[in-house]
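What follows is one structure encoded as structure tokens, with my remarks underneath.
The values are calculated or read from the model by the stated rules, or taken from the named source; none is laboratory data. A quick note: this is a predicted structure, and the numbers were derived from the prediction, not measured. For neighbour counting, all protein chains shown are included, and Cβ atoms are generated from backbone atoms with ideal geometry for every residue, glycine included.
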Amino acid sequence: MTPRFWALLAVPALLFMGEAVARAAETVGPDEKRAGYMQLFATSFVGEGFRFNNPYRLATPLGSDAESVSLTSPYVDIGLGATFGGAGTFSHGMAFRMSFATSGVRQAVLTPSYLIYRRWSRAALYGRVGAAIVAQPESTWGGEAGVGGVAFVRGGLGVAAEVVGDVFYGAGTREVAITTIPVLSGQLGIVFAYEVLP
């Protein structure tokens, strides 16, 4: 099954789940801290990026030759996460993301990462850093870091924007034994947050 199929399947499922979460979510005052407090997340993003090294002469270069800065394929990013700590302070946890290219070469990237998160009543900021594991077309790995913000339109339902930086390591070419491919992406999406109270 293609990445586009999974993307089309995942987005409605996340929307349905987010509506249920938004109705069930309970709020905690911004200054309230409770032991055992936990927050769960489901996320869905769409994005596109700039590839700053193009050793395989991939499509959509922005300059005059094949090695110029180029655009990545558009992609869908879905994920789950959890943080622990007080509601009115920075909380720490883990996020697990899966990204699928929606055009061009099939590509799937799995990203487990450390997550730091801070929410106010109607907004939140977060950062994450972790490993980027390319599952297809060929297995390889790299690193990923992202920073984002969320504007909550309901208790647990928000719209989000994120800037993501990746470095991928790939197969060698005639020029180098191992290629290094930096990518800078921007993505927009939806975040569903559910507070688990002690």
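Worth a mention:
- Residue that is modelled with the highest pLDDT, among those in region 87-98 that are over 15 Å from residue 42 (Cβ atoms) and in contact with an Asp or Glu (Cβ under 7 Å, 6 or more places away or on another chain): 88
- Hits in region 111-163 - residues which are among the β-branched types (Val, Ile, Thr) and crowded, with 21+ Cβ neighbours inside 10 Å: 111, 150
- For region 103-133, the set of residues classified as within 18 Å of residue 73 (Cα to Cα) and modelled with pLDDT of 90 or more consists of 108, 109, 110, 111, 132, 133, listed by residue number.
- Options 55, 74, 3: the member that is more than 17 Å from the chain's Cα centre (by Cα) and either modelled with pLDDT under 80 or surrounded by 13 or more Cβ atoms within 10 Å (Cβ to Cβ) (or both): 55
- Some residue of region 134-145 being at pLDDT 95 or above and of a type in the set (Phe, Trp, Tyr): no
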